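A short worksheet on the structure shown next.
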Amino acid sequence: MEAALKAVAQVAPVLHCDETGVRVGGRLQWVHVSSTATLTHVGVHPQRGSAATDAIGILPRCQGVSVHDG
């Protein structure tokens, strides 16, 4: 099911992406969110930036416009 959600997100015309810090087991990690008008993927990774987005696999394959609040 997660693979199907990622596949849809990758070809969405508009993809919103954002991240925020969260404590997991006392350590800072990052919650990465990618969403369309109807679907949301949430992933947790110990890093921000390309290491995390590459590991999650949605943003590097985005074929539409990626929107971020930055």
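A count restricted to segment 48-70 and to residues that are part of a loop (DSSP other than H, G, I, E, B) and either modelled with pLDDT of 95 or more or farther than 17 Å from L28 by Cβ (or both) stands at 8.
Out of all the residues in segment 6-47, which are over 18 Å from D69 (Cβ atoms), part of a strand (DSSP E or B) and of a type in the set (D, E, K, R)? Those that are over 18 Å from D69 (Cβ atoms), part of a strand (DSSP E or B) and of a type in the set (D, E, K, R): R23, R27.
Taking the conditions exactly as written (over 11 Å from the mean Cα position of the chain (by Cα) and surrounded by 12 or more Cβ atoms within 10 Å (Cβ to Cβ)), does G25 satisfy them or not? Judged against the criteria, G25 is not a match.
Yes or no: A12 small (G, A, S), crowded, with 17+ Cβ neighbours inside 10 Å and modelled with pLDDT of 95 or more? Against the criterion (small (G, A, S), crowded, with 17+ Cβ neighbours inside 10 Å and modelled with pLDDT of 95 or more), A12 qualifies.
Here is a yes/no grid of residues against (1) small (G, A, S); (2) touching a Lys or Arg at 6+ places or on another chain (Cβ under 8 Å):
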{"residue": "Q29", "(1), (2)": "no, yes"}
{"residue": "S35", "(1), (2)": "yes, no"}
{"residue": "T40", "(1), (2)": "no, no"}
{"residue": "H45", "(1), (2)": "no, no"}
{"residue": "Q63", "(1), (2)": "no, no"}
{"residue": "V67", "(1), (2)": "no, no"}
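The values are calculated or read from the model by the stated rules, or taken from the named source; none is laboratory data. Computed from a predicted model, the values in this text were never measured in an experiment. As a convention, Cβ positions derive from the backbone with ideal geometry for all residues, glycine included, and neighbour counts pool all protein chains shown.
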